[in-house]
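S.K.: Here you go, one structure.
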């Protein structure tokens, strides 16, 4: 997965937006103002930090060397994924899982607006 493919996939999710609140290099992807992914698209290696269920986060870290506790984030709820060490399909699934976790925490009115009760 290339940096552009990663960016495009994040932005394809319903109501997703890209912002740069920290610096011009760090893309922060949000849904309804809430962060679901962070990445430096020019990073080498390409990595993305994603929200994750705490129990699932531990399981994923144990199963994949390309998944580690979130860099500069709450290690219980965030993983940092090295994109090239996992199949593209799995990276996309992890991004979708992160997005879904964030949407699930939104107020009901916002979830309904996103067609996700």
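The values are calculated or read from the model by the stated rules, or taken from the named source; none is laboratory data. No experiment lies behind these values; they were computed from the predicted model shown. Here the Cβ positions follow ideal geometry from the backbone for every residue, glycine too, while neighbour counts run over all protein chains shown.
S.K.: Only one of these conditions is not met by residue 71: (1) at pLDDT 95 or above; (2) loosely packed, with under 13 Cβ neighbours inside 10 Å; (3) under 22 Å from residue 27 (Cα atoms). Which number is it?
M.R.: Only one criterion in (1) at pLDDT 95 or above; (2) loosely packed, with under 13 Cβ neighbours inside 10 Å; (3) under 22 Å from residue 27 (Cα atoms) is unmet by residue 71, namely (1).
S.K.: Can you list the strands (runs of 3 or more DSSP E) found entirely within region 1-86 that contain at least 1 residues being within 17 Å of residue 99 (Cα to Cα)?
M.R.: Qualifying strands (runs of 3 or more DSSP E): 16-19, 26-31, 34-40, 47-51, 78-82.
S.K.: Quick check on this structure: which one of 106, 101 is touching a strand residue (DSSP E or B) at 6+ places or on another chain (Cβ under 6 Å), surrounded by fewer than 19 Cβ atoms within 10 Å (Cβ to Cβ), under 20 Å from residue 11 (Cβ atoms) and in contact (Cβ under 8 Å) with a residue 60 or more places away in the chain? Step through it out loud before you land on a result.
M.R.: Values: 106 fails: touching a strand residue (DSSP E or B) at 6+ places or on another chain (Cβ under 6 Å).
From the options 106, 101, the qualifying one is 101.
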